[in-house]
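Each reported figure results from applying straightforward, stated rules to the coordinates on display, with no laboratory input. Predicted model only: the values in this text are computed from it and were never measured. All Cβ positions, glycine included, derive from the backbone under ideal geometry; neighbour counts span all protein chains shown.
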Amino acid sequence: MHRFRAIAHSLVAPLGFYALAGALTAWFLWHGVNGQRGLKAGEEYEQQLAKLRLDRDILKLERMFWDHRISLIRGEEVDADILDDETRQRLGRVRKDELVILTPESGGGKAVH
């Protein structure tokens, strides 16, 4: 019985150590992949960053468009086409040679030349 106890004791200590080391390794691996700063979180951050960069580029283009339009109406002389489009749009008017098509989604009309 004493011999059995010695053999069991000599096996339990190393197996316990290996089980504890394996559990710690598994915990660190899981958190390295799925944790708050893990590999999956890094991929999600990269996707969010790519979307934000795309949004920024779209906003830059929109700003360039508006800067160009503003430059056309600022100064001594106003571009006649811009003035005409803007006044008709704000007043809700159309010219005689335009066709108005009412769509159910918008509830309004769209001028077609």
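Between Arg63 and Tyr45, full extension at 0.36 nm per residue minus the direct alpha carbon distance yields a gain of 3.8 nm. Go through Gly35, Val12, Pro104 and say which Cα lies farthest out towards the positive end of the charge dipole of the chain; charges sit on Cβ, +1 for Lys and Arg, -1 for Asp and Glu. Projecting each Cα onto the dipole axis, the largest value belongs to Val12.
GNM on the chain, alpha-carbon springs under 10 angstrom: the most fluctuating residue among Val78, Val12, Val33 is Val12. The stretch between Asp84 and Val100 holds 4.1 nm of extra length on full extension. This uses 0.36 nm per residue minus the Cα-Cα distance. Across all directions, the average flat footprint of the convex hull enclosing the Cα atoms of the chain is 15.5 nm². Normalised by the number of residues in the chain, the average gap of Cα pairs under 8 Å and 6 or more apart makes the relative contact order 8 percent. Any idea what angle helix 80-91 forms with the longest principal axis of the chain, computed on alpha-carbon atoms, 0 to 90 degrees, nearest 10? Result, in degrees: 80.
For region 1-101, the dipole from Cβ point charges (+1 on Lys and Arg, -1 on Asp and Glu) about the Cα centre works out to 1140 debye, to the nearest 20.
Rounded to the nearest 20 debye, the dipole size of region 64-107 about its Cα centre is 240 debye, using +1 on the Cβ of Lys and Arg and -1 on the Cβ of Asp and Glu.
Across q = 0.19, 0.28 Å⁻¹, region 53-101 modelled as identical point scatterers on its alpha-carbon atoms has Debye log10 I(q)/I(0) values of -0.77, -0.98, in the order of the q list.
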